[in-house]
Structures are given as C-alpha cells and as structure tokens.
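The values are calculated or read from the model by the stated rules, or taken from the named source; none is laboratory data. All figures in this text were calculated on a predicted structure; none of them were measured in a lab. Every residue, glycine as well, gets a Cβ built from its backbone with ideal geometry; the counts of neighbours run over all protein chains shown. The accessibility values were calculated without ligands, DNA or RNA, using every heavy atom of the protein model including side chains. Shrake-Rupley method; radii C 1.70, N 1.55, O 1.52, S 1.80 Å.
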Amino acid sequence: MVGSQALPGGGARPTHSGERAVAQEDGATTTPPAVLDGDEVPLTFGAALRQRREALRPTVSLRAMAKEIHFDKSQVSRIENGQLPTPEFAQAVDTYLAAGGALVALADQARARRHPSTQAAQLPAAPNNFVGRDLQLGRLHALLAEATAPGAMAVTVVCLDGPPGVGKTALALRWAHEIQDQFDGVLFANLRGFSAGAPAAPHQVLEELLGGLGISPDQVPADPAVRAGLFRSLLHDQRFLLVLDNAADSQQVRPLLPGMPNCVVLVTSRQRLAGLAIDPGARAVTLNPLDRGEAVTLVGSVIGDQRAAADPAAVAALVQRCAYLPLAVRIAAERVASHPHQTVADLVADLASESDRLELLSAADDDTMAVRAAFSWSYRALEPDAARMFRLLG
Ligand SMILES: Nc1ncnc2c1ncn2[C@@H]1O[C@H](COP(=O)(O)OP(=O)(O)OP(=O)(O)O)[C@@H](O)[C@H]1O
Ligand SMILES: [Mg+2]
C-alpha cells in the first residue's frame, strides 16, 4: 500500500524541509497548508504537488515518487502540469509526501470547479417503488467489478436491451443511483432513439454532455470531431459513469464513448446493439418482463399491500393479463388504485373482457397486447405512462 511505504533511504517519512510548524494560540502546532504560496495565492493541485516534491529533493525525484506510488512517471508529470488528478492519485501523493490531506483537498476543489456539482443532478430520479430485478442488479454489479479490476484495457459499455416498457430505463437509473458514489461524476442523456421525432444526433448529444461538464454552449466546438475530442479529453483520467438512455443503434452511440477504461457507459435500447457487441469492453444484458413475484410486489406497492393480500388470486390474474410487463402492470395497478370501492377481482374481470375484445381485433404479440389492453382499460389517459404508451402504440 502506498500509505505504508517508507521513503527512499529507508527510515521514517521525513517532514518537509520547507515546512514550518506554526504555534497556535492554544499551544498546539499545525502544518501550514501546501496550497498557499508566499503571497497567499491558492496553488493549483499540480503546482502544490511539484512544490512539495521539490522541497524534498534530492531524496524524492519525480521518477522515484512515481515508482513508489505505482503511477506512471509521464502521468505524474502531466498532473504536475495541470491535468486533473483522480482521487486515488491525490490520496497516494498526499500520503507519500505527508501533506496531511492538503493535496486531497486541493484535488477535490479542482474537481468541483471543473464539474460544478451538476453530475448527480443530471441523473433523473429512479422510479419510486422500484421492485425486484435482484438478479439483473447482481449481474450489473459483477460487470462493474470486472470493469474496475486492475488492468482493464477498454471502456466498459453495458448495453441493456429489451422490449418497450420492460423496465430498461427504470433499472438503468436504479443501478446508476446505487453506484454513482464510486465515480467522479455521472452524465445522463436521452438519445430519443424511439421517440416521436428523429433520434438525437450524436453531435447534439455531445453538446448536452459537454454542458454537464461545465462547458457553456458558446465554448462548444462546432466541428463534430473536435467536439468529440474535447469530450474525451475532459474525461481523460477521470472516472465517469455515462448513462445513454434509449439508443437507436450502435452508430448513434459510438461517437459518444469516452476513450479511457476508467469510465463506464450504460446504454439502454429496444434493440440489441450488435455493432457494439464486438467492442472488447462491451457487455449485453437483455431484460425480460418481471417474474410473477416481482409483478405481484409491484401491484402491492401501487394498490397497497393489504388490498393485494386480500385477494391474491385476483392479483395473480391481473399480472398475468399484463404479461408481467412493468409498464402494463403499473397502469393496470393504478386503475385498481383509483377504484378503491370495487374488488380487485371485479376489476380484473373487466380487464379480461377488454383484453379479449382487443385480441379479436389485433394480431399483436403478447407484450403489445398487454400494454394495449391495460391502456385501453385505463381511464387515466393523462398519466405520463399512459400518454407514453399511447405514443408507443401509434
Ligand atoms: N422494477 C420495476 N419496479 C417498479 N416499476 C418499474 C420497474 N421497471 C419498470 N417500472 C415501471 O414501468 C414503466 C416502464 O418502465 P421503463 O420506462 O423503464 O421501460 P423501458 O424499457 O425503458 O421502456 P422504453 O423502451 O419505452 O424506453 C415505468 O413506469 C417504470 O417506472
Ligand atoms: Mg426507457
């Protein structure tokens, strides 16, 4: 571990040659922060690092320090010259140079300045009363562990695919919220791959993403290649989670991928993104409808567990009618919730006759039929889900 390494020459970690112990009024001593120069002007992280390191010369050369903290010498040099350090790097040099947290604090400040605390705000809220998906969450966490293992060579791209309304966005947001603390920042973009209008053009999405990194519209390069280059260099050596929701195809996604393996990209799409599957860091997870237990839990969370438990057979029939598709289950459950004085069994009988009527009229597949029936049955067409389903069904 970096923190327990002795400095060259053996012995205990030396105190800074340039360090003055300052007496406080209560008699305790403290070390002046490395972040201020003689004129009390705050130093950048890189400048403070170099100052600390040079104060320890000849004991500590750049090469020796890089070797001891297990970072590449050229990387250390780039950071001394202004590149933003990762939290791990800042911690390693802080410990090695006995900076007492001053370097870590400077790195935190630099990151906050570069990314004005908007990353988390870019992530929409995960759906309330999210249920189940333990298996899929476990798989996503395992993929993340692989991605962060030492020696990872390529940016990790996880593609979550599945039919409309199966819960891709819900799961993506749930996972992103669970893991966001492990990243320097999180960026989110809706690629509008299957919305009413045309899919978002990659260069438009890049403008949005650059906005999330604190780049104002007038600073965004017009040339798409330069724009993509700026995006990649801002993410260079930073650990970002990028959520690209609702992608149309691989061509739309590819220009948005960061270049470095320290980032993780989660893409959702109604299609399997076969073009991305050949990339070394790409993994696919296909989402199926909920299992029966999960669908029943979802109904309970919308209509109340007590009401659901009062007629389990009716609830089971309800979720089956909805083909266990979360979108259909949620809409049907909301209809039940809005009729507190009718029994669940009566309401399910109602839904069943609606489904039968539609089945006579349409040759749609099970999922589409489930959504169509739940929608047509719902009187609450202004609910956001119902409105979206309306678009979905054309
Ligand atoms: N695990 C879940 N628990 C609770 N609600 C869920 C779950 N999964 C999905 N939902 C709900 O089902 C509805 C549809 O989910 P979502 O929008 O994630 O589907 P999608 O697969 O992204 O669809 P689309 O292809 O249209 O983008 C939403 O209201 C969402 O909140
Ligand atoms: Mg979605």
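Some values worked out for this structure:
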{"item": "Percent carbon-and-sulfur accessible area, region 119-286, ignoring ligands, DNA and RNA, probe 1.4 Å", "result": "57 percent"}
{"item": "Estimated vicinal HN-Hα couplings, Hz - region 221-227 in sequence order (Karplus 6.51, -1.76, 1.60; Gly, Pro = x)", "result": "x, 6, 5, x, 5, 5, 4"}
{"item": "Solvent-accessible area per residue for region 119-286 (1.4 angstrom probe, square angstrom)", "result": "41 Å²"}
{"item": "Largest to smallest principal axis extent of the C-alpha atoms in region 48-103, angstrom", "result": "26, 24, 19"}
{"item": "Cα-based equivalent ellipsoid of region 117-176: semi-axis lengths in Å, sorted from largest, via gyration tensor", "result": "22, 16, 11"}
{"item": "Spin-label pair ASP356/LEU137, simplified geometry with 7 Å Cα→Cβ offset, distance in nm", "result": "3.9 nm"}
{"item": "Reciprocal of mean inverse Cα separation for region 119-286 (Kirkwood radius, Å)", "result": "16.0 Å"}
{"item": "Förster radius 41 Å - calculated FRET efficiency between GLU178 and ARG78, Cβ distance, rounded to 0.05", "result": "0.80"}
{"item": "Rounded if a/c under 1.5, otherwise prolate or oblate - region 227-358, Cα gyration tensor axes", "result": "prolate"}
